[in-house]
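Report on one structure; see the data block that follows.
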Amino acid sequence: MSHGRPPRRPRRVSLNPIALAKNSATRLTQAEISGAITPLRAATRALREGVATEWEWSVVVSAVNVAQAIDKQGVVRGLAEHLHSAELALQGIHQRAMASGTWCATALYYQELDHIATAVDLHGFQMQQLSYSEFRHAVLRAAAEIRAAGGRVVDVGQLEGAFA
């Protein structure tokens, strides 16, 4: 009898737990870091030039959310104020860009440019300090916080297939 609880799902069992632990504990490779930072820097450049789409804005917002989750995680601490400033700058950009009801790229103020550039640089530094499992945990935490706040989380892997 289940007593009103759903049945337990069997746990996944690794055939090679040592390799799994080793892969989870290793730091992110330079290719993995650049795979995340390159689109972030392109989106930041579009914001800086005043031609950013809403998608590019959301790429930067997502990175700031993950950076804040990393800071809360405690691996790389002390960046909360810088990241919060970038978050406020991105909120201001979104308000101006959506003033007409649809996204319209907007110019950025100097302070916004500075806060966003600082956050991107700090996020790159954070990623160099993290293991794969720490980064994965931070991404999952950021997604959970976004869902809890009523936001929408989009799986980029699913979107790439839609645009191909």
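What spacing in nm lies between the two simple spin-label points modelled at Thr118 and Arg8, each 7 Å away from Cα in the Cβ direction?
5.0 nm
How many nm is it between the label spots at Asn16 and Arg77, if each spot is 7 Å from the Cα in line with the beta carbon?
Placing both labels 7 Å along Cα→Cβ, they lie 3.6 nm apart.
For Gln128 and Ala31, compute 0.36 nm times the residue count separating them, minus their Cα-Cα distance, and round to one decimal in nm.
Working: separation 97, 0.36 × 97 = 34.92 nm, distance 1.11 nm.
In short, 33.8 nm is gained.
Scanning the chain for trypsin sites (Lys or Arg not before Pro) in DSSP loops with at most 12 other Cβ atoms within 10 Å, what's the longest stretch left with none?
Working: sites that count: Arg8, Arg11, Arg12, Arg77, Arg152.
Counting only loop sites that pass the neighbour cut-off, the longest clear stretch is 78-151.
When the Cα centres of region 46-86 and region 113-143 are compared, how far apart do they sit, in Å?
Centre-to-centre distance over Cα atoms comes out at 8 Å.
Kindly provide the chymotrypsin sites (Phe, Trp or Tyr not before Pro) of region 60-129 that DSSP labels as loop, not H, G, I, E or B, and whose Cβ sees at most 15 other Cβ atoms within 10 Å. Before the final figure, lay out each step's value.
Numbers: sites: Trp103, Tyr109, Tyr110, Phe125; in loops: Trp103, Tyr109.
In loop regions of region 60-129 (DSSP not H, G, I, E or B), the sparsely surrounded chymotrypsin sites (Phe, Trp or Tyr not before Pro) are Trp103, Tyr109.
If you add up the charges near Ile70, with Lys and Arg at +1 and Asp and Glu at -1, over every other residue whose beta carbon is less than 12 angstrom from its beta carbon, what do you get? All intermediate terms of the calculation are to be shown ahead of the outcome.
Values: positive: Lys72, Arg77, Arg136, Arg141; negative: Asp71, Glu134.
Result for the neighbourhood of Ile70: +2.
Calculate, in nm to one decimal, what Thr53 and Ala148 gain on full extension: separation in residues at 0.36 nm each, minus their alpha carbon distance. Don't skip to the answer; put the middle values down first.
Working: separation 95, 0.36 × 95 = 34.20 nm, distance 2.53 nm.
So the chain would gain 31.7 nm between Thr53 and Ala148.
None of the figures in this text is laboratory data; all of them are computed from the coordinates on show. Just so it is clear, the structure is predicted and the values come from calculations on it, not from any experiment. Because the Cβ atoms are built from the backbone with ideal geometry, glycine has one as well, and the counts that use them run over all protein chains shown.
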